[in-house]
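**Student:** Quick one: structure below, then a few questions.
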Amino acid sequence: MITLKKIYRYLIKLFPLKYQEKWDKSGIIRNFDWDTKIDKILICLDCTKNIIRFAKTKNIKLVISHHPIFNKNNIIDESNIKLLKKLKISLISLHTNVDNHPLGLNYYLSNLLNFKNTFQVQMDDCGSLYVGNLKNKKNTHDTIKLICEKLNITHHVKYVGNNTIIERAIICSGAGFDVIKNAINYYDTRTILITGDIKWHDWLYADQLKLNLLDIGHDVEKHFIELIYKNLQKIFPCLKIYKSFPSISIKLY
């Protein structure tokens, strides 16, 4: 029998909480007994009210999200916690412990990009990133096009830098520029820096240093869903696993 305890223990053994950053709130919100049978789960990026309501319609008792439940003030969203409790749905959040794990999300993304000679750089108390050489050395335009294809990015991306031949890439998913800029020893004019949620002063910083900086958006973390899905499927093949990808409709005017 597959229980909540078995699933949680497996995931935390796979991506231990020791890898999460101090500000993070990964872990579990448990709304039923550890030994309750789990036959269906839902994997998502964010546990929104729509996610919770979908779980209710499918009688799903366990949701696994990448981001913990935050609101705009970076405080746990009490309304969603109350809704989870009311519907007796438990939530496991695996955030920076997956981002920072040596075989976690950034490693997974670097594999999708076919990095060669890959290695992880762990920054003290502020995250980690992956560095690798690109298999096919192309000019900036073609490199960005290839990155978007490999990571299944269909929206607009932002870039500042030079039109040069790119030989190396550094990736830190999510909003990772603060992590990347602390690894200045690893980049030069032939390196492209890949992350998301770049702020104005970060663009200025990159422009002044003549860096090749690419903002691919925060929702590239959608690959977390596939990463967790593949690992759970190997160990618990009888589980019915639903996947919910980000569906925010952001319009350009």
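**Student:** So what does K135 come to for accessible area, using a 1.4 Å probe and Å² rounded to 10?
**Tutor:** 130
**Student:** Right, something else. From largest accessible area down, sort C238, C126, C44; use a 1.4 Å probe on the protein chains.
**Tutor:** On the way: C238 120, C126 40, C44 0 Å².
My answer, sorted largest first, is C238, C126, C44.
**Student:** Now for a different question. Given the Cα atoms of the chain, and with Rh set as the inverse mean 1/r over their pairs in the Kirkwood sense, what is Rg to Rh to two decimals?
**Tutor:** We get a ratio of 0.99 for the chain.
**Student:** Go ahead and estimate [θ] at 222 nm for the chain from helices alone: -39,500 (n - 2.57) per DSSP H run with n ≥ 4, summed, over the residue count, rounded to 500.
**Tutor:** Details: 9 runs with 79 residues, N = 253.
That calculation yields -8500 deg cm²/dmol at 222 nm.
**Student:** In segment 153-245, how many lysine pairs have Cα atoms under 24 Å apart, counting only pairs 8 or more places apart or on different chains?
**Tutor:** 16
**Student:** Please report the carbon-and-sulfur percent of the accessible area for segment 135-253; probe 1.4 Å, protein heavy atoms only, DNA, RNA and ligands left out. Walk me through the numbers before you get to the answer.
**Tutor:** Working: 3480 of 6810 Å².
Carbon with sulfur: 51 percent of the solvent-accessible area.
**Student:** Kindly report, to the nearest 10 Å², the accessible surface of S247 as traced by a 1.4 Å probe over protein heavy atoms only.
**Tutor:** Approximately 100 Å² for this residue.
**Student:** What is the magnitude of the charge dipole of segment 1-124 about its Cα centre, with +1 placed on the Cβ of each Lys and Arg, -1 on the Cβ of each Asp and Glu, and no other charges, expressed in debye to the nearest 20?
**Tutor:** Numbers: 21 positive and 10 negative charges, 129 e Å.
For this selection, approximately 620 debye.
**Student:** Now for a separate question. So how strong a dipole does segment 56-181 carry about its Cα centre when Lys and Arg Cβ are +1 and Asp and Glu Cβ are -1, to the nearest 20 debye?
**Tutor:** Working: 17 positive and 9 negative charges, 129 e Å.
The dipole of segment 56-181 has a size of about 620 debye.
**Student:** So, one more: How big is the charge dipole of the chain about its Cα centre, in debye rounded to the nearest 20, if each Lys and Arg gets +1 on its Cβ and each Asp and Glu gets -1 on its Cβ? Kindly include the intermediate steps, with their values, before the conclusion.
**Tutor:** Details: 38 positive and 23 negative charges, 252 e Å.
The dipole of the chain has a size of about 1220 debye.
**Student:** Now, a different point. Label 7 Å along Cα→Cβ of D197; segment 46-71 residues with amide nitrogen under 20 Å?
**Tutor:** Of the residues in segment 46-71, 46-51, 64-71 have backbone N under 20 Å from the label point off D197.
**Student:** Using only alpha carbon pairs under 8 Å that are at least six residues apart, calculate the relative contact order of segment 24-88 and give it in whole percent. Please report the intermediate quantities before stating the final value.
**Tutor:** Working: 62 pairs, mean separation 22.6, N = 65.
Relative contact order of segment 24-88: 35 percent.
**Student:** Enter the accessible area per residue of the chain (Å², integer; probe 1.4 Å; all protein chains in place).
**Tutor:** Working: 13420 Å² over 253 residues.
Per-residue value: 53 Å².
**Student:** Just the number, please: percent antiparallel of the DSSP beta bridges in segment 151-217, rounded to the nearest 5. Write out the running numbers ahead of the final one.
**Tutor:** Working: 3 of 11 bridges.
Beta bridges within segment 151-217, antiparallel portion: roughly 25 percent.
**Student:** Further question on the same structure: For segment 1-40, with all protein chains present and a 1.4 Å probe, just round the carbon and sulfur fraction of the accessible area to a whole percent.
**Tutor:** Values: 1270 of 2510 Å².
C and S fraction of accessible area: 51 percent.
**Student:** Also: For Y242 and T3, calculate 0.36 nm times their separation in residues minus their Cα-Cα distance, and state this gained length in nm to one decimal.
**Tutor:** The Y242-T3 span can extend by a further 84.3 nm.
**Student:** Would you work out which of L211, C126, H67 lies farthest towards the positive end of the dipole of the chain? Charges go on Cβ: Lys and Arg +1, Asp and Glu -1.
**Tutor:** Sorting the options by dipole projection puts first H67.
**Student:** What does the net charge come to around G127 if you take all other residues with beta carbon closer than 9 Å to its beta carbon, with K and R at +1 and D and E at -1? Mind showing how you got there, number by number?
**Tutor:** Values: positive: none; negative: E21, D99, D125, D178.
Every neighbour counted, the sum reads -4.
**Student:** Shifting gears a bit: Restricting the count to DSSP beta bridges whose residues both fall in the chain, what percent are antiparallel, rounded to a multiple of 5? Before the final figure, lay out each step's value.
**Tutor:** Numbers: 21 of 42 bridges.
If I count the DSSP bridges inside the chain, around 50 percent turn out antiparallel.
**Student:** Let me have the relative contact order for the chain, percent, based on Cα pairs under 8 Å that are six or more residues apart.
**Tutor:** Numbers: 461 pairs, mean separation 49.0, N = 253.
19 percent.
The values are calculated or read from the model by the stated rules, or taken from the named source; none is laboratory data. Quantities reported herein were computed from a predicted structural model and do not represent experimental measurements. Ideal geometry is used to build each Cβ from the backbone, glycine not excepted, and the neighbour counts take in all protein chains shown. Surface areas here come from the heavy atoms of the whole protein model, side chains and all, with no ligands, DNA or RNA. Shrake-Rupley method; radii C 1.70, N 1.55, O 1.52, S 1.80 Å.
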